[in-house]
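Asks: Starting off with a structure, shown below.
Every read-out reported here was derived from the displayed coordinates using simple, explicitly stated rules and does not represent laboratory data. Remember, it's a predicted structure, so these values are computed and weren't measured experimentally. Neighbour counts run over all protein chains shown; Cβ positions are idealised from the backbone, glycine included.
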Amino acid sequence: MLQAEYEQLARRKAAAAAAHAKRTATIRRRIASTIVAEPERALAAAARTLSRKTAPQQQWSRQAWQQILQTKRPRQIAWLLLHARADQQALVDSHPFGGLAAATNGH
């Protein structure tokens, strides 16, 4: 592969990653807003998600989210979604508000 081809692919990859990050941030803002505005609905959606069976490798995030939902206030949960540290990204990426994201996205 020529250097110019490599650089073009690298630019495309960077642009795709930036677009994905922007979409993710938009969805998380919508979810966080709903958690604060309608905590009962948001927590019910998370409880439904967490009640489903998961693969063994997903148990760590399920347990962590159950602990978060039991010990944190809605505003704290929303803040976590929006301001996760680097070491919290895997947990935030596995948030249990998937159904809520669809509902807040107009679907």
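Here is a yes/no grid of residues against (1) out of contact with any strand residue (DSSP E or B) (no Cβ under 7 Å at 6 or more places or on another chain); (2) surrounded by 12 or more Cβ atoms within 10 Å (Cβ to Cβ); (3) small (Gly, Ala, Ser):
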site	(1), (2), (3)
10	yes, no, yes
14	yes, no, yes
33	yes, yes, yes
50	yes, yes, no
58	yes, yes, no
68	yes, yes, no
82	yes, yes, no
85	yes, no, no
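Asks: Just checking, how many residues over region 23-34 are touching a residue at least 60 places away in the same chain (Cβ under 8 Å) and among the hydrophobic types (A, V, I, L, M, F, W, C)?
Replies: Qualifying residue count, region 23-34: 2.
Asks: Pick from 12, 29: which is over 20 Å from residue 79 (Cβ atoms) and either touching a Cys at 6+ places or on another chain (Cβ under 6 Å) or among the charged types (D, E, K, R) (or both)?
Replies: Exactly one residue qualifies, and that residue is 12.
Asks: In region 35-46, what count of residues is obtained for those that are free of Cβ contacts under 8 Å to residues at least 40 places away in the same chain and either surrounded by fewer than 16 Cβ atoms within 10 Å (Cβ to Cβ) or farther than 20 Å from residue 84 by Cβ (or both)?
Replies: So the count comes out to 5.
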